[in-house]
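**Student:** This is the structure, below, for whatever I ask next.
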Amino acid sequence: MNRPDLSVEIAGIKLRNPVMTASGTFGYGEEFAEYVDLEQIGAIITKGLSLKPKAGNPTPRIQETTGGMLNAIGLQNVGIDAFLEKKVPFLRTVSTPAIVNFFGNTVEEYAELAERLDKIPEVAGMEINISCPNVKHGGIVFGTEPKAAYSVVKAVREATIKPVIVKLSPNVTDIVEMAWACADAEADALSLINTLTGMAIDLKTRRPILANVTGGLSGPAVKPVALRMVWQVAKAVKIPVIGIGGIMTGTDALEFMLAGATAVQVGTANFLDPAASERIAREMEQYLVESGISDVKELIGALQV
Amino acid sequence: MNRPDLSVEIAGIKLRNPVMTASGTFGYGEEFAEYVDLEQIGAIITKGLSLKPKAGNPTPRIQETTGGMLNAIGLQNVGIDAFLEKKVPFLRTVSTPAIVNFFGNTVEEYAELAERLDKIPEVAGMEINISCPNVKHGGIVFGTEPKAAYSVVKAVREATIKPVIVKLSPNVTDIVEMAWACADAEADALSLINTLTGMAIDLKTRRPILANVTGGLSGPAVKPVALRMVWQVAKAVKIPVIGIGGIMTGTDALEFMLAGATAVQVGTANFLDPAASERIAREMEQYLVESGISDVKELIGALQV
Amino acid sequence: MQFRATIISNQEVSPGYFRMRITAPPELAGAQPGQFVMVRVRDAIDPLLRRPFGIFDVGTVLSEYPGCSSATYLELLYKVVGKGTEALSTYHHGDHVDIIAPLGTGFDLGAPEEEKILVGGGIGIAPLYYLAKSLVERSRVRFFLGGRTRDDILCVTEFERLGVETYVATDDGTLGDRGLVTEVMERHIREDGRKKTIYACGPMPMLKAVAEIARQTGTHCQVSLEAYMACGMGACLGCVVKGKDHADETPDYRCVCKDGPVFAFDQLMWV
Amino acid sequence: MQFRATIISNQEVSPGYFRMRITAPPELAGAQPGQFVMVRVRDAIDPLLRRPFGIFDVGTVLSEYPGCSSATYLELLYKVVGKGTEALSTYHHGDHVDIIAPLGTGFDLGAPEEEKILVGGGIGIAPLYYLAKSLVERSRVRFFLGGRTRDDILCVTEFERLGVETYVATDDGTLGDRGLVTEVMERHIREDGRKKTIYACGPMPMLKAVAEIARQTGTHCQVSLEAYMACGMGACLGCVVKGKDHADETPDYRCVCKDGPVFAFDQLMWV
Ligand SMILES: Cc1cc2nc3c(=O)[nH]c(=O)nc-3n(C[C@H](O)[C@H](O)[C@H](O)COP(=O)(O)OP(=O)(O)OC[C@H]3O[C@@H](n4cnc5c(N)ncnc54)[C@H](O)[C@@H]3O)c2cc1C
Ligand SMILES: Cc1cc2nc3c(=O)[nH]c(=O)nc-3n(C[C@H](O)[C@H](O)[C@H](O)COP(=O)(O)OP(=O)(O)OC[C@H]3O[C@@H](n4cnc5c(N)ncnc54)[C@H](O)[C@@H]3O)c2cc1C
Ligand SMILES: Cc1cc2nc3c(=O)[nH]c(=O)nc-3n(C[C@H](O)[C@H](O)[C@H](O)COP(=O)(O)O)c2cc1C
Ligand SMILES: Cc1cc2nc3c(=O)[nH]c(=O)nc-3n(C[C@H](O)[C@H](O)[C@H](O)COP(=O)(O)O)c2cc1C
Ligand code: FES
Ligand code: FES
């Protein structure tokens, strides 16, 4: 048999295979170059970016939990100027598409970031993180209110002709309603899930373990929730969906594709196994070979319910 | 040092210690009598009860996940008549308070159940499960809509003078809003969390593993989410809160108390260790002894943020 | 009963199949054939839930196992299929596992004068050896054993040593007859008109075929079922099967863990 | 570099402290003192994240370890504090662990003519032995070692065997002087006016005291820090500490895993 076709396309971005690296877990790609052949993965999604450099939260920022981890990095990043100057040059050396994840505190900030990134040829697409407090609306998170999400996505949409992926927060009653709002605002694709809000406590000190008190839960512990949400959203919208949450193996990734994902992102797994993204792509290929499937796209949404 | 005081009170129900068994994971108490000294735990919460016997979902109904499990039992139960006839006699033989968990498909069903249980002396209190589809309102779950929750709790409140605990679903954007609605309707206490909705897929068969497609995630995997929600709710309401979610050890239980819980419930842990509830109560006592704390109530909400 | 058992031996008896002998309290010698045990494979959270296994054998050895107050042992026969059984297969003499046993309702030994027909498919023989041991003292026992290939045919000599007449069939003919073990058994039942009881354990399609033969020939038949289990004690309702009178309005669900795993075939709904 | 290491030995050297020798690829012999490794304690998901450990020693043995292509070894010295280190302590000769190494930025060996002052608190001596080995070839080295009790004072003879002058202090006086090791060290620095470099590793309060002494006496000082880590390679930003110029608007965070774990004390914000 010929090698199976693992390529997929997300909003015009051609991926050699469906495995992307999740924002915040893979730095700017460069950090992992020693462990992963970056030419063997689908796309690199960079650490969440803001207009100005952001300090993030005090430490401790991470804590392991059963089957997962909490993080409260607080979106520390170098800001767009340093990103363009210091991080983009490396991304230029890799043929794998780079997708830039970003966030703002106001609709205007989102739009401004999109406008600036629109001009950068190395940026294949944008992933907008809407799990951030909306400063103008008393800190209500953009990602939990369909109207707020709509307005942010709309503003970004109007600021760029590059592909726009919206990353959804799972901390909502109705993920489908959020997905609809983003699709209505002409997002090209949706990615989900971001982290579930959680907390850890140290009995000895009687304090929260994270300096920020709460943090985002990721890793295999959240996979069932992620899989459910991807399935619900993929059924409901016409745009492609990218599955994220606890993916550790090729099997996990393929389960997300059955649930309706066109591609996947690997996050926490990069920490335990820095070569995880490449390995997962390889495991997917092996599965296709062993199952005699010539094209991974056959599996997208192929779940029999 | 004298033995520390582990007793707590929830809405007038006196518990010898804060450890209750979570509904649906401990049958009707009788099933565990061989493994647990039922006189050593705080309270027994029985399997979710409805007016009529309920068949529940087709099988498979359970699936292990990383650090947790999914269940889609579908609230199978014997119905109130059989409960009163066959299950209550055993509960009468135990001095530990029995709290009856129940649910309905309409506000009227909830009220009717409360009215009937109100007359049963063996019933120390009621825990109402509002994570159920509201048949009259197109299947929207009572537990995700504050107004619907309010009306159900209000109706139950008016139907009984026994303590009413409302069990909250974590599948909501704003758990505090739900807690407020229940407190406004004069619930005596809140318990949280019920399970997070999740899903598992079998790559080989390309089918969901659970016959019901989705199920509820429980176990240590969900503990960080549960702890966060208990903390948020306990800060926001004046009525006592019961912490549930992934409690496996005395340390886990005490962390929930620091977060603001007056008592806890042990669920999934009963399956791996049928003596878990008794063991957890003992581990809590040991901790108090070792830390020179004379009263467990000192720890309630003692988290320093 | 919940106890911490010490592993006496754990040997691969055929590729992917292990036989494990562990220490047990003396009370366990009273276990009924067909009852099962729940094993906590690790003290850790992965795997989280216990795993159910049939009782392959229970007995008492003459020599004391050192460091163990009782000379009663429990034997399991298991097939490696996933992470729980994989972990179990790495255990060595002297390691420990946490056990709950005996659980469930076992086989009814029936009238001694009737011939007993045991039908096992693959790992489905696990509960039949201890059953055979109990039956041979009182009744004539024939054992029909099927599997995909010769590697799936286990412990034949053990059964023969009990004085049980053993018939083997494999899908690929690598051992015994080629074909389904149920066909061989059916021939026997139809040819020999005397009253019999069938005891069957194996994959669902095999059990369905056995139940159908039992129905057609009017033979008593008990089947031992498998199901996903969380608690093993009738509390979680994860393991249910439909009883014969089941209807959605008037549910008749039976717990495999408590009402079973052994059921009279005519108590179940076979659709 | 990521590699699968075989455990050569794993011994409890003092109650709760283990010294583990594992196989390593030859390239690891070039590791810098002060660099660290990330250990995947189990292939399973519990514990999920890797655990960071300093490089206690790297070397090459003359005889080949059977079944291993290289004779380079890596040594870790670790204290059992939680589930990761507990699991590690159960490993035996021949078991395997997955390692990423060498990581981070190590110690600057400085000018040979300056005296080197090593200060270790408890398990904080872990990276100092390999450092001492590199330093003694070129410089005079004194080692100040503190701990709560005598059980927390490890490997003194190893250091002495290198030709390092060693001073011990314990909180309870069960070994060496009674009191804080920083006080003993401070006395030495103040009494002997020559230029020195301090290398310190240990609990935060000790490092703060050392940094304060370095500041007051104008001594060069490098500290090795600990932090919670997820990735170990500068990607997750979990492990940061505030650099000297840090302000919320113009963040100056340094990654302990990449910019450190060793920092010149005057590059950090000590509040
Ligand atoms: C009452 C009872 C008695 C049993 N006796 C034996 C025995 O004596 N010897 C033996 O080898 N096995 C027996 N089994 C089956 C055994 O419990 C499962 O093989 C085991 O739990 C698998 O665990 P795992 O972690 O290795 O596999 P997992 O990783 O949990 O699953 C691997 C595969 O096995 C399937 N599987 C897992 N659990 C079950 C189950 N309970 N029922 C059906 N399929 C399952 C899954 O669908 C999956 O495809 C028995 C089951 C029951 C209910
Ligand atoms: C660069 C670096 C080098 C290190 N070198 C060594 C070494 O050579 N020898 C050694 O014994 N230890 C060393 N440590 C500390 C070691 O990483 C932790 O002790 C270990 O990760 C604990 O894992 P655990 O699973 O046993 O404990 P856990 O169950 O994770 O935690 C147990 C307790 O230890 C504390 N703890 C856990 N991880 C850390 C951490 N990274 N920093 C501070 N406190 C922590 C927790 O707060 C908790 O109270 C080093 C740490 C770093 C960052
Ligand atoms: C340390 C860490 C940092 C993260 N930073 C970001 C970020 O900057 N922007 C974002 O959209 N998601 C961020 N995430 C979320 C991940 O991209 C991903 O959605 C989540 O971790 C779930 O996937 P996983 O279970 O595979 O880790 C971060 C996650 C982790 C663990
Ligand atoms: C098998 C199973 C059945 C359950 N049945 C009920 C139920 O009938 N009513 C209810 O309110 N909660 C039910 N729950 C939810 C538990 O009571 C508890 O809220 C949840 O499992 C989280 O706690 P845990 O992580 O300790 O298991 C069930 C949970 C499980 C695992
Ligand atoms: S396994 Fe829980 S009821 Fe049978
Ligand atoms: S541990 Fe991830 S950046 Fe340092």
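Read-outs: derived from the displayed coordinates by stated rules, not from any lab. Because the structure is predicted, anything quoted here is derived from the model rather than measured. Glycine gets a Cβ as well: all are built from the backbone with ideal geometry, and neighbour counts include every protein chain shown.
**Student:** Report the rotationally averaged projected area of chain D based on its alpha-carbon convex hull, in square nanometres. Before the final figure, lay out each step's value.
**Tutor:** Values: hull surface 58.3 nm².
The number I arrive at for chain D is 14.6 nm².
**Student:** Could you pull out every one of the lysines with an alpha carbon less than 26 Å from that of B:Lys87, ignoring same-chain neighbours closer than 8 positions?
**Tutor:** By straight Cα distance, B:Lys87 reaches B:Lys14, B:Lys47, B:Lys52, B:Lys54, B:Lys119, B:Lys162, B:Lys167, C:Lys242, C:Lys244, C:Lys258.
**Student:** Ok, one more. Viscosity 0.692 mPa s, temperature 37 °C: what is the translational diffusion coefficient of the range D:2-103 from Stokes-Einstein with a Kirkwood Rh over Cα pairs, rounded to a whole number of µm²/s? Numbers along the way, then the final one.
**Tutor:** Values: Rh = 13.6 Å.
Stokes-Einstein gives a translational diffusion coefficient of 242 µm²/s.
**Student:** Mind checking which aspartates and glutamates have their C-alpha under 12 Å from B:Lys86, skipping anything on the same chain fewer than 8 residues away?
**Tutor:** Cα-Cα hits under 12 Å: B:Glu30.
**Student:** Please compute P(r) over all alpha-carbon pairs of the range B:196-235, binned at 10 Å starting from zero, and give each bin as a whole-number percent.
**Tutor:** Taking all Cα pairs of the range B:196-235, the binned fractions are 26, 35, 25, 12, 2 percent.
**Student:** Of the residues D:Ala132, D:Ala200, D:Ala209, which exhibits the maximal mean-square fluctuation in a Gaussian network model of chain D defined by a 10 Å Cα contact cut-off?
**Tutor:** D:Ala209
**Student:** At 222 nm, what value in deg cm²/dmol follows for chain A if DSSP H runs of at least 4 each add -39500 (n - 2.57) and the sum is divided by all its residues, to the nearest 500? Don't skip to the answer; put the middle values down first.
**Tutor:** Numbers: 9 runs with 88 residues, N = 305.
Value at 222 nm, helices only: -8500 deg cm²/dmol.
**Student:** Rounded to the nearest 5, what % of the DSSP beta bridges within the protein assembly as shown are antiparallel ones?
**Tutor:** Rounded to the nearest five, the antiparallel share is 50 percent.
**Student:** Moving on. Nearest 10 degrees, 0 to 90: what angle lies between the long axis of helix C:181-191 and the longest principal axis of chain C (Cα atoms)?
**Tutor:** 50
**Student:** In chain C, what % of DSSP beta bridges are antiparallel (nearest 5)? Don't skip to the answer; put the middle values down first.
**Tutor:** On the way: 38 of 64 bridges.
Bridges in chain C are about 60 percent antiparallel.
**Student:** Could I ask something else about it? Any chance you could list P(r) for the range D:157-221, counting all Cα-Cα pairs in 10 angstrom bins from zero, rounded to whole %?
**Tutor:** The percentages, shortest bin first, are 19, 50, 30, 1.
**Student:** Using label points projected 7 Å from each Cα along Cα→Cβ, tell me how many nm separate C:Glu249 and A:Ser294, to one decimal.
**Tutor:** Reported label-point gap for C:Glu249 and A:Ser294 is 5.4 nm.
**Student:** Given axes a ≥ b ≥ c from the Cα gyration tensor, I'd like to know whether the range C:48-185 is rounded (a/c under 1.5), prolate (a/b larger than b/c) or oblate. Walk me through the numbers before you get to the answer.
**Tutor:** On the way: a/c = 2.00, a/b = 1.32, b/c = 1.51.
Here the range C:48-185 falls in the oblate category.
**Student:** A further question follows. The range B:235-305: percent of C-alpha pairs farther apart than 20 Å? Working shown, then result.
**Tutor:** Working: 679 of 2485 pairs.
More than 20 Å apart: 27 percent of the Cα pairs in the range B:235-305.
**Student:** Within chain B, what's the longest stretch lacking GluC sites (Glu not before Pro) that sit in DSSP loops with no more than 16 other Cβ atoms inside 10 Å? Can you show the working numbers first?
**Tutor:** Numbers: sites that count: B:Glu34, B:Glu186.
Longest stretch, sites excluded: B:35-185.
**Student:** If each residue's Cβ is checked for other Cβ atoms within 10 Å, how do B:Thr195, C:Thr6, D:Thr170 rank with the fewest at the top?
**Tutor:** Numbers: B:Thr195 26, C:Thr6 18, D:Thr170 22.
Least to most surrounded, the residues fall as C:Thr6, D:Thr170, B:Thr195.
**Student:** Which distance in nm do the two modelled labels at A:Glu177 and C:Arg138 give, with both placed 7 Å along the Cα-to-Cβ direction?
**Tutor:** 6.4
**Student:** Please give the charge dipole size of the range A:204-305, origin at the Cα centre, charges +1 on K and R Cβ atoms and -1 on D and E Cβ atoms. Round to the nearest 20 debye. Before the final figure, lay out the partial values.
**Tutor:** Numbers: 10 positive and 9 negative charges, 160 e Å.
My answer is approximately 760 debye.
**Student:** Semi-axes of the equivalent ellipsoid for the range D:115-226, please: Cα gyration tensor eigenvalues, times 5, square-rooted, ordered largest first, whole Å. Spell out each step's value before the answer.
**Tutor:** Values: eigenvalues 68, 56, 34 Å².
Ellipsoid half-lengths, sorted descending, are 18, 17, 13 Å.
**Student:** May I pose another question? Go ahead and set up a Gaussian network model of chain B, Cα springs under 10 Å, then flag whichever of B:Ala234, B:Ala33, B:Ala261 fluctuates most.
**Tutor:** Maximum fluctuation in the GNM of chain B, among the listed residues, is at B:Ala33.
**Student:** Let me ask another. Once you order the gyration tensor axes a ≥ b ≥ c over the Cα atoms, which shape class does the range B:1-150 get: rounded for a/c under 1.5, otherwise prolate or oblate by comparing a/b with b/c? Mind dumping the intermediate values first?
**Tutor:** On the way: a/c = 1.60, a/b = 1.41, b/c = 1.13.
Because a/c hits 1.5 or more and a/b exceeds b/c, the range B:1-150 counts as prolate.
**Student:** Now for a separate question. At 222 nm, what helix-only mean residue ellipticity would chain C give, in deg cm²/dmol to the nearest 500, using -39500 (n - 2.57) for each DSSP H run of four or more?
**Tutor:** Working: 5 runs with 47 residues, N = 271.
Here the helix-only value at 222 nm equals -5000 deg cm²/dmol.
**Student:** To continue, here is another question. Please list, by residue number, everything in the range D:3-42 whose backbone N is under 15 Å from a paramagnetic label point 7 Å out along Cα→Cβ of D:His93.
**Tutor:** Those under the cut-off are D:6-12, D:20-23.
**Student:** Another question, if that's okay. Quick one: among D:Gln35, D:Gln11, D:Gln222, which has the greatest mean-square fluctuation in a GNM of chain D with alpha-carbon springs under 10 angstrom?
**Tutor:** Looking only at D:Gln35, D:Gln11, D:Gln222, the biggest GNM fluctuation is shown by D:Gln11.
**Student:** On to the next question. What is the Cα coordinate range of the range B:7-79 on the first, second and third principal axes, sorted by size from largest, in whole angstrom?
**Tutor:** That works out to 40, 35, 26 Å along the principal axes.
**Student:** Can you tell me what share of the DSSP beta bridges in chain A is antiparallel? A percent to the nearest 5 is fine. Walk me through the intermediate numbers first.
**Tutor:** On the way: 18 of 46 bridges.
Looking only at bridges with both residues in chain A, the antiparallel portion is about 40 percent.
**Student:** In units of 2.2 N^0.38 Å, what is the alpha-carbon radius of gyration of the protein assembly as shown?
**Tutor:** Scaled against compact globular proteins, the figure is 1.00.
**Student:** Report, please, the projected area of the range C:210-271 averaged over directions, based on the convex hull of its C-alpha atoms, in nm². Write down the numbers at each step before the final one.
**Tutor:** On the way: hull surface 17.3 nm².
That works out to 4.3 nm².
**Student:** On to the next question. Could you tell me the extents of the range B:163-257's C-alpha atoms along the three principal axes, largest first, rounded to whole Å?
**Tutor:** 50, 31, 23 Å, listed from the longest principal axis down.
**Student:** Still on this structure, I have one more. Using a/c under 1.5 as the rounded threshold, could you call chain B rounded, prolate or oblate? The axes a ≥ b ≥ c are square roots of the C-alpha gyration tensor eigenvalues, and prolate needs a/b larger than b/c, oblate otherwise. The partial results should precede the final answer.
**Tutor:** On the way: a/c = 1.32, a/b = 1.21, b/c = 1.10.
The shape class here is rounded.
**Student:** Now, a different point. Given H placed 1.01 Å from N in the peptide plane, which residues other than close sequence neighbours of A:Glu127 have an amide H under 5 Å from its amide H?
**Tutor:** A:Val100, A:Asn101, A:Phe102, A:Ile165
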